[in-house]
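Here's the structure we're looking at; comments come further down.
Where a number appears in this text, it was derived from the coordinates with a stated rule and is not lab data. From a predicted model like this one, the values you see are computed outputs, not experimental measurements. Neighbour counts are summed over all protein chains in view; Cβ atoms, including those assigned to glycine, are modelled from backbone coordinates with ideal geometry.
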C-alpha cells in the first residue's frame, strides 16, 4: 500500500506535468528526485486515475490484473469463476493471498 506522502508526491508531479508543462527532468529538479522518479510518480498517478471508479478498483493491482487476464468483466463473473473452480490456486501468479482477497471481495467462502 502507498503512503499518503507518496500519493501527495505523485499528485504534485502530475500537476507540474499537466498544468505547467514541465519535463520530467524539471519536475525531478523541483521535487528533489531524479527524472526517472518524476516519470514514475506521473505514471503511477495516471494509473491511479484510470482505476478510480473501475468495477475492480477495490482490488490490488495484482488481483485486478489476474482477473482481467482471465477475461472476467464484472464481480458476478469473478464469483462464478471462483465457484466453478475456473479461477483458483492452480492459476499462474495466483497464490493464497490473491485467492483470499478475491474470495472476500466476491463474497465466496475462502477454502
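Peptides 82-89, 65-72 ordered by packing proxy, namely the average of other Cβ atoms within 10 Å per residue, highest first: 65-72, 82-89. For the chain, the longest principal axis of the Cα atoms and the long axis of helix 75-84 meet at an angle of about 40 degrees. Using C-alpha pairs below 8 Å separated by at least 6 residues, the relative contact order for the chain is 18 percent. Look at (1) 39, 35, 21; (2) 52, 22, 22; (3) 68, 37, 18: the one that is Cα extents along the principal axes in Å derived from this structure is (2).
Between residue 31 and residue 77, residue separation times 0.36 nm minus the direct Cα-Cα distance comes to 12.2 nm.
Relative to the longest principal axis of the Cα atoms of the chain, the long axis of helix 96-106 lies at roughly 80 degrees.
Pull out a ≥ b ≥ c, the square roots of the eigenvalues of the alpha-carbon gyration tensor of segment 7-58, then state rounded if a/c is under 1.5, prolate if not and a/b is larger than b/c, and oblate in the remaining case. Prolate shape, in that a/c is at least 1.5 and a/b is the bigger ratio.
Output the 0 to 90 degree angle, nearest 10, between the alpha-carbon long axis of helix 35-51 and the longest principal axis computed from the alpha carbons of the chain. So the inclination is approximately 40 degrees.
Suppose R0 equals 22 Å. What FRET efficiency, 1/(1 + (r/R0)^6) with r the Cβ-Cβ distance, do residue 70 and residue 43 give to the nearest 0.05? Present the calculation step by step, with values, prior to reporting the outcome.
Values: r = 25 Å, r/R0 = 1.13.
About 0.30, to the nearest 0.05.
The overall shape of segment 61-106 is rounded: from the C-alpha gyration tensor, with semi-axes ordered a ≥ b ≥ c, the ratio a/c is less than 1.5.
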